[in-house]
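Notes for the one structure printed next.
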Amino acid sequence: MREDEIRQKKIDYYEEEFKLAVAGNYRKYRFPYKTLGEKSSEADSLTCDEERIFSAYNLYKAIREANASFGAYETKIVDDVISCPLTTMEQYTTGDEFVYLQAWLYFEKKARDFIPYMYLLPDGSTYIIRFMRAAEYRWNYKDKEVFAIIQAAFYPTDSIPS
């Protein structure tokens, strides 16, 4: 076997391992009690996190709708900053897990008009949740790849954001 074939096999192996890891991680978000057990505190925690991101999304949407319904551009809610316990959890702020909540919200709750993201305030010590129109949101390469893997594994007939 040639050296480049060996390298390609290693690359293929690691890509497959990454896909399996992503699917396994998302499975916990999609089916927390089935995956982690009926009495799992981790499943309770993930379910609570899902409720929190969905509540943040609904609050943001309500703020946007309230602003639009008044029709006066001079009088509106300006700093629509969303704070919730997710903004203090390392797995979502500096870890790689927020993308799983984004995917859960997108695929399971069909929340496709706005994408939530963690934003570090200029003081460098506080995170908040912000939302951006889905059409304007720019996914980083890794998160875009994670979304594609989740879509292929769990929602093959669904579309993914570009």
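The values are calculated or read from the model by the stated rules, or taken from the named source; none is laboratory data. Values in this document were obtained by computation on a predicted structure and should not be read as measured data. FYI the Cβ positions are ideal-geometry reconstructions off the backbone, even for glycines, and counts take in every protein chain you see. Quick note on the areas: whole protein, heavy atoms, side chains included, nothing else; ligands and nucleic acids left out. Shrake-Rupley method; radii C 1.70, N 1.55, O 1.52, S 1.80 Å.
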Dipole in debye (nearest 20) - the range 1-107, about Cα centre, beta carbon charges: Lys, Arg +1; Asp, Glu -1
280
Within the accessible area of the range 78-143 (1.4 Å probe), percent carbon and sulfur
48
Crossing angle, helix 141-154 versus the chain [Cα axis fit, 0-90 degrees, rounded to tens]:
80
Nonlocal amide H pairs with F114, under 5 Å, H built at 1.01 Å:
A134
For the chain, the longest site-free run once trypsin sites (Lys or Arg not before Pro) in DSSP loop states with at most 11 other Cβ atoms within 10 Å are removed
40-109
For the table K10/K34; K61/K142; K109/K142; K9/K144; K61/K144, the rows whose alpha-carbon distance is greater than 30 Å are K10/K34
Just the number please: accessible area per residue for the range 1-60, 1.4 Å probe, all protein chains included, in Å².
69
Relative contact order for the range 62-156: what percent, with Cα pairs under 8 Å and sequence separation of 6 or more?
24
DSSP loop GluC sites (Glu not before Pro) with at most 12 other Cβ within 10 Å excluded, longest remaining stretch of the chain:
75-135
Checking the range 97-148 for chymotrypsin sites (Phe, Trp or Tyr not before Pro) in a loop per DSSP with at most 16 other beta-carbon atoms within 10 Å yields Y137
So if we plug the beta-carbon distance of R133 and Q8 into 1/(1 + (r/R0)^6) with R0 = 30 Å, what FRET efficiency do we get, rounded to 0.05?
0.15
Once fully extended, how much extra length lies between D158 and L20, figured as 0.36 nm per residue of separation less the alpha-carbon to alpha-carbon distance?
47.7 nm
What number, rounded to the nearest 500 deg cm²/dmol, is the helix-based mean residue ellipticity at 222 nm of the chain, given -39500 (n - 2.57) per DSSP H run of at least four residues and division by all its residues?
-17500 deg cm²/dmol
At a threshold of 8 angstrom on Cα-Cα distance, excluding pairs fewer than six apart, so keeping six or more, what relative contact order does the range 1-76 reach in percent?
15
Residue-ordered couplings for the range 54-70, obtained by feeding phi - 60° into the Karplus form 6.51 cos²θ - 1.76 cosθ + 1.60 and rounding to whole Hz (Gly and Pro as x), are 5, 5, 4, 4, 5, 5, 4, 4, 5, 4, 4, 5, 5, 4, 5, 6, 7
